[in-house]
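Input: a single structure, listed below in structure tokens.
Values in this text are rule-based calculations from the coordinates and carry no lab data. Computed from a prediction, not measured in an experiment: that's the story for all the values here. Cβ: placed from backbone, ideal geometry, glycine included. Neighbour counts: every protein chain shown.
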């Protein structure tokens, strides 16, 4: 999960709280300003449910702000682009992961699917009712948990049984392509920096997807050096942990 994904989760979580008038994100500083009426405790409690290490800073009175209804067409276009890129790499990594006997690639593909669902939820959120958003979030979260359980079971089976050493060449080459794909997603989202504040993202933050891609590349190198399946299984386990984390955060939206 990357910074744009976290921003999308926050927006969906706070959507429907009538006291909120506007949200202002500062991705570089990892901060959020909430313009609202009434008490802030309910807003803070909702943010705490996402488990993003939310810390309260301060409350200040301000003049009434003008609420501008923005055209969502550009936002939808950007979300569709990153959704399709993530969906493509989910399919590519899943297929090549099984063909190359690489659990790292399979797990990384699942992580790409998690992002695909987040962007899909973002598209559904534009103009949808809160009840519909929560139902879709719940289905997506449980589906991700099911994928993670399958993945962990497969890791255990491969640890205990005899498995051929993964094909390190496929591991490295596909992960490099996925790394390029994630970089492209961040570039696409960054194009909206000046037009839509809630879509901006900073390239200086290393996303979980990029970390996972690099991890699979390193695992591929270690597989080459050690001629062992264990580096691949270890990185696969770690990436599946990211999938579980993403699923948990999405389920918080359904509350």
**OP:** Find the centroid of the Cα atoms in the stretch 72-113 and in the stretch 142-161, then give the distance between the two in whole Å.
**Re:** 18 Å
Original post:
Efficiency by 1/(1 + (r/R0)^6): what FRET value for residue 180 and residue 44, r their Cβ-Cβ distance, R0 = 25 Å, to the nearest 0.05?
Top reply: 0.05
**OP:** Can you tell me the FRET efficiency between residue 35 and residue 134 if r is taken as the Cβ-Cβ distance and R0 is 25 Å, rounded to the nearest 0.05?
**Re:** 0.55
**OP:** Treat each spin label as a single point 7 Å out from the Cα along the C-beta direction, and report the residue 227 to residue 150 distance in nm.
**Re:** 3.4 nm
Original post:
In nm, what is the difference between 0.36 nm times the number of residues separating residue 218 and residue 123 and their Cα-Cα distance?
Top reply: 30.8 nm
